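Data first, discussion second: the structure below is written as structure tokens.
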Amino acid sequence: MTATVRTDPRLVKVSLGARSYDIVIGRGVIAALGTRIAELRPGAKTFIVTDDNVARYVLADAEAALSRAGVAANRAIVPAGEASKSYRVFEQVCEAIIAAHMERGDLVVALGGGVIGDLAGFAAAVVRRGLDYVQVPTTLLAQVDSSVGGKTAIDSAHGKNLIGAFHQPILVLADTALLDTLSVREFRAGYAEVAKYGLLGDAAFFAWLESNWRDVFLGGGSSGCFAREQAVAMCCGAKAAIVARDERETGERALLNLGHTFGHALEAACGFSDRLLHGEAIAIGMALAFEFSARRQGLVSKADAARAARHLAEVGLPTRIQDVPGKPPSVDQLMDLIAQDKKVRRGMLTFILVRGIGGAFVEPGVDAREVRTFLSEKLAER
Ligand SMILES: NC(=O)c1ccc[n+]([C@@H]2O[C@H](COP(=O)([O-])OP(=O)(O)OC[C@H]3O[C@@H](n4cnc5c(N)ncnc54)[C@H](O)[C@@H]3O)[C@@H](O)[C@H]2O)c1
Ligand SMILES: [Zn+2]
């Protein structure tokens, strides 16, 4: 069996002219971190930014890989969690990078989930007016979404991700074996973003996920098919293609926000706490976006909306507002949060809607009153 199993890393290219880079996906690829960096930037020093959870599981392997290739490494370990995307922690990270004498030409290494990728990427964007950096994503969400595309940010008191920069990495190394230590809940939340790529633009991929999701969760080439690697590669390929066409989100990149308007409102209503993880909120948001689309003539059928929700529920994700533990938010609260998240122009909201599974599009003319009626009905359901 093992003889036929594919173990070569998969490569996905993000084509952005002089700023193009590779995404390398596979079990164990972190072992090549040092050699890949030495090849890309001979003689460069590195500075690893990670969090205290990831440090426990992965830091030793990352440092060993750098050291084997003769690449010097310093590091900063920040507390795990969204609270580290703050001015205070950002300042500490920037000062530590400068104190380690990182010069132009040296490299920051973001070793962690989306929090670390956003924080370290933003530090790299601004220290010495811009250092190059490498993403080593360690959560499923980071491997399929946040590590690719160059959006970096920290949070403001006014909202998430409001202080940031577009800064592309020079390499993404997605070691799928690192996901083995992730909690099932975190893995599942990341899976919502995996399903999102099928739902927004690739019906065949969605059908493949319906048949293969168990192997994606299991990992390890359990059925000899390396479904997890296949899924990460498909998602990265889809995101890379969209980013290559619309790096700064002036159009098509907005499709990646499928489910995010409803989802962000629910996340905010829960205070961005463990009560509802981002991916869980997005799962509910996508189910709502499909249902909302199904109410509009000529868009997705009720059967396809039900099919989308069924798959999300099958993997254990929430799909209804009632699935959020605790007291449900009110319609007024949700509408206020949606209005804060999005600009309302003359009572009209922009939503990502769907014509079918794999058929998302940007609809700028959604009447806020229609959304209110829809949410009232949803909240009244038992
Ligand atoms: N830049 C973008 O394009 C983009 C896109 C989507 C999300 N994001 C951002 O990503 C962040 C969320 O990312 P996330 O879900 O990866 O959260 P995260 O980075 O907080 O990671 C989730 C938890 O898993 C732990 N963890 C990470 N890797 C682990 C491993 N291999 N084993 C065990 N535990 C591990 C972390 O310590 C943390 O406690 C948010 O801040 C969001 O704004 C950015
Ligand atoms: Zn998301």
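Points to keep in mind about this one:
- On Cα atoms only, tilt of 368-380 relative to the major axis of the chain in degrees: 90 degrees
- Net length gained if the chain between Ala204 and Phe361 were fully extended (0.36 nm per residue, minus Cα distance): 54.8 nm
- Degrees, to the nearest 10: 331-341 long Cα axis against longest axis of the chain: 40 degrees
- Among beta bridges identified by DSSP and lying wholly in the chain, the antiparallel ones come to about 40 percent.
- Count Lys and Arg as plus one, Asp and Glu as minus one, and take only other residues whose Cβ is under 15 Å from that of Asp132; the net charge is then +3.
- Given charges at Cβ of Lys, Arg, Asp, Glu: the stretch 115-216 dipole, positive-most of Ala177, Ala203, Gly164: Gly164
- Potential extension, Ser330-Arg248 segment - 0.36 nm per residue separation minus Cα distance: 26.1 nm
- Residues with amide H under 5 Å from that of Asn74, placed H, sequence gap 5 or more: Thr46, Phe47, Ile48
- The accessible surface of the stretch 224-341, taken with every protein chain in place and a 1.4 Å probe, is 50 percent carbon and sulfur.
- Using the Cβ-Cβ distance between Arg185 and Ile163 with R0 set to 30 Å, the FRET efficiency works out to roughly 0.55.
- Förster-model FRET efficiency, 22 Å R0, Ala83 and Arg129, C-beta, rounded to 0.05: 0.20
- Unit charges on C-beta of K, R, D, E only; dipole of the chain, Debye: 560 debye
- Probing with 1.4 Å while keeping every protein chain in the model, the per residue accessible area of the stretch 144-243 equals 32 Å².
- Whole-number percent relative contact order across the chain, with pairs defined as alpha carbons under 8 Å at least 6 apart: 14 percent
- Full extension of the chain segment joining Glu103 with Ala72 gains 9.9 nm, where the gain is 0.36 nm per residue of separation less the Cα-Cα distance.
- Ligands, DNA and RNA left out, the accessible area of the stretch 35-182 computed with a 1.4 Å probe is 51% carbon and sulfur.
- Accessible area per residue for the stretch 37-107 is 52 Å², calculated with a 1.4 Å probe on protein heavy atoms, without ligands, DNA or RNA.
- Degrees separating the helix 87-99 axis from the principal Cα axis of the chain, which is the longest one: 20 degrees
- Entries of Lys327/Lys378; Lys85/Lys327; Lys151/Lys196 with Cα pairs more than 24 Å apart: Lys85/Lys327
The values are calculated or read from the model by the stated rules, or taken from the named source; none is laboratory data. Worth saying up front: this structure is predicted, and the values here are computed from it rather than measured. Cβ sites come from the backbone with ideal geometry, for glycine too, and all protein chains shown count toward neighbours. Ligands, DNA and RNA are excluded from the accessible area calculation, which covers all protein heavy atoms including side chains. Shrake-Rupley method; radii C 1.70, N 1.55, O 1.52, S 1.80 Å.
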